[in-house]
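Each remark here refers to the structure printed beneath this line.
Just so it is clear, none of the values below were taken in a lab; they were calculated from the coordinates. These figures come from a predicted structure and were not determined experimentally. For neighbour counting, all protein chains shown are included, and Cβ atoms are generated from backbone atoms with ideal geometry for every residue, glycine included.
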């Protein structure tokens, strides 16, 4: 069962999206499934206005940037809708009960759609996914159908999701035991915040696909192979096959070996503990990626018997910059 199928089943059982968020599921996936379930439901179809076709100017934003979201406002009533203000309310404004409004002064006829764009600043926030709802202020015409929603109106739309994360720079296939799935998803989410997209094969549903082909294709298409070598993983035949295939095709490998686990591998591994804060394990992955990239860069350069002094200094400065960049990222995450 893929992650979307899993979420769909939980929603159909009556679990609200908020409960699934608290269980650790990604907001973007939850609302993608939730919106697909509610779009054709009676309450939504009878709404007096709808927001459709939500698109962001970019897939991801960072604190301090200006985000822009476009959408279509559809009048789903039999009366003309005069809109004098619309806007968005991101999650970080929920408690303040404020929003980012856009002055309009437009008339939307019954069944008509109007395309609207709203720009707003991204404040200093912790990296991650944030909810966002859309609202309007206006009235229906003629006056006897008067309708003036306020910012507090329950007619805020179903939430969309905005990602406050670094741009995706690479993709890693995460090999693991299904018994460690909770830990793996935490690691995936943290890596994703900093632009490392983690692929969890069982979360990607491909009905009818041959599993062997599916896993091998995902490993081949990823930039790196990340193996979580836990007690449970060593008992998994699937994990063994994944490691053997990655080694066979010479995929750059990052192996996180759980402390106390004995393993023989031709590839150097990095020790970790499942009890460490997730950012500690993620830091080991980031460091490994940097070293692999540096090694690939060094191997592509001519190999003099002894590097000139200027070149040696340049390499040291490059490595120091990598370390400084990672340290700044950690401090930004802690202070956000």
The range 47-164: relative contact order in percent, alpha carbon pairs under 8 Å with at least 6 residues between: 30
For 5, 213, order by how many other beta-carbon atoms lie within 10 Å, fewest first: 213, 5
Extension gain from residue 70 to residue 284, taking 0.36 nm per residue of separation minus the Cα-Cα distance: 73.2 nm
Extension gain from residue 169 to residue 55, taking 0.36 nm per residue of separation minus the Cα-Cα distance: 38.9 nm
Span from the the range 51-65 Cα centroid across to the the range 80-101 one, whole angstrom: 16
Pair residue 298, residue 234: separation of 7 Å Cα→Cβ label points (nm): 3.0
Nitroxide proxy distance, nm - points 7 Å out along Cα→Cβ at residue 204 and residue 102: 3.3
Where labels lie 7 Å past Cα in the beta-carbon direction, separation of residue 264 and residue 15 in nm: 4.3
